[in-house]
Amino acid sequence: MSLFSIRNLNKHFGGLAVTDHVSFSLEKGNRVALIGPNGAGKTTLVNLVTGHIKPDSGEVFLDNQNITSLSPSARVKAGLVRSFQVTRLFSEMTPEEHVALAILQRRGRSGHIFAHYRAMPEVMAELRDILGLLNLDALARIPVSDIAYGQQRLLEIALVMALRPKVLLLDEPAAGLPSTDTVLIEKALAQLPPDLAVLMIEHDMDFVFRFAQRVIVLAAGAVIFDGTPQAVAADARVREAYLGSYAA
Ligand SMILES: Nc1ncnc2c1ncn2[C@@H]1O[C@H](COP(=O)(O)OP(=O)(O)O)[C@@H](O)[C@H]1O
Ligand SMILES: [Mg+2]
């Protein structure tokens with residue numbers, strides 16, 4: 001059985017099928033891009049998978065367990081994590097405090113956060129490792145409000161790493177960044193554990209082609225293509241729905 005699978009997932013908003021019989025699986029180590037035009041239902045699909053929206057029908061499996069009725073936090077605990085959004089960072093907290101909070105949350109000790117984490121050698125060692133890997137060590141004790149946007153997005157990835165997911169969902173990790181910072185995000189993604197399965201929503205097709213071994217295309221809620229990056233640009237339906245001039 002696959003590490004992660006979505007089976008025949010459906011969701012309507014009013015009369016509109018936003019998620020239309022969507023099925024696919026991810027294996028350990030997969031790097032998959034989810035693309036599609038605006039309004040195709042990509043974010044809704046992520047919200048269904050994380051449990052923030054309830055599907056009308058269909059199921060989600062992680063590690064042989066049906067997680068369709070689990071709460072969002074229970075899914076995180078089970079190893080299904082979506083990237084944090086910059087807007088969810090606390091502006092007065094430092095990167096070190098954010099990562100410590102995530103580590104303690106994973107270890108089930110978030111109640112003790114500020115008083116004690118600096119006295120916990122394992123937590124300090126792990127957070128130094130994570131911040132070092134993402135080149136955030138120099139910013140560890142500076143409030144998030146005083147660090148650049150690109151670095152804030154790297155911090156999102158640091159938080160995800162601290163949760164040690166099995167499956168990671170990234171909704172446009174480089175959105176709003178200049179291309180110099182996109183390179184930083186790409187480097188950070190290259191540091192993710194090789195076993196982790198990653199599904200990334202991304203509009204920048206150059207980034208998609210560098211990152212993904214497999215591309216899933218969503219249009220009007222339905223999967224219209226699931227295959228290699230080489231094949232996606234040649235697919236007539238995809239070209240019509242999405243790629244347009246890029247394919248030419
Ligand atoms: N809470 C909601 N209520 C009603 N319609 C919604 C809601 N969320 C999204 N939609 C609609 O569902 C469709 C898919 O949206 P979305 O999942 O955000 O697409 P994408 O992320 O691919 O741009 C759009 O037509 C959008 O207007
Ligand atoms: Mg979206």
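The values are calculated or read from the model by the stated rules, or taken from the named source; none is laboratory data. Predicted model only: the values in this text are computed from it and were never measured. Cβ coordinates were reconstructed from backbone atoms using ideal geometry, including for glycine residues, and neighbour counts include every protein chain displayed.
Miscellaneous remarks
- Test: residue in the range 223-241 that is in a loop (DSSP other than H, G, I, E, B) and buried (at least 20 other Cβ atoms within 10 Å of the Cβ): no
- Residue check, residue 92 more than 16 Å from ligand 1 (Cβ to nearest atom) and touching a Pro at 6+ places or on another chain (Cβ under 6 Å): yes
- Flag for residue 183 being closer than 27 Å to residue 42 by Cβ, of a type outside the set (S, T, N, Q) and without any contact (Cβ under 8 Å) to a residue 24 or more places away in the chain: yes
- Residues of the range 7-24 that are away from ligand 2 (no atom under 16 Å from the Cβ), over 21 Å from the mean Cα position of the chain (by Cα) and aliphatic (A, V, I, L, M): 17 alone.
- Hits in the range 37-52 - residues which are surrounded by fewer than 18 Cβ atoms within 10 Å (Cβ to Cβ) and in a loop (DSSP other than H, G, I, E, B): 37, 38, 39, 52
- Restricting attention to the range 188-222 and to residues that are assigned to a strand (DSSP E or B) and more than 16 Å from ligand 1 (Cβ to nearest atom), the residue that is nearest to residue 178 (Cα to Cα) turns out to be 198.
- In the range 13-25, the residues that are loosely packed, with under 14 Cβ neighbours inside 10 Å and within 13 Å of ligand 1 (Cβ to nearest atom): 13, 14, 15, 16
- Failed condition for residue 96, given (1) in contact with a Lys or Arg (Cβ under 8 Å, 6 or more places away or on another chain); (2) assigned by TED's automatic domain parsing to the domain that holds residue 217: (2)
- Only one of 138, 158, 162, 222 that is modelled with pLDDT of 95 or more and within 30 Å of residue 64 (Cβ to Cβ): 222
- Verdict on residue 236 being under 30 Å from residue 164 (Cα atoms), of a type outside the set (Asp, Glu) and without any contact (Cβ under 8 Å) to a residue 24 or more places away in the chain: no
- Residues in the range 26-36 that are crowded, with 16+ Cβ neighbours inside 10 Å and not β-branched (Val, Ile, Thr): 26, 30, 31, 33, 34, 36.
- When residues in the range 25-38 are screened for being touching a residue at least 12 places away in the same chain (Cβ under 8 Å), within 14 Å of ligand 2 (Cβ to nearest atom) and either over 12 Å from the mean Cα position of the chain (by Cα) or not assigned by TED's automatic domain parsing to the domain that holds residue 11 (or both), 3 of them pass.
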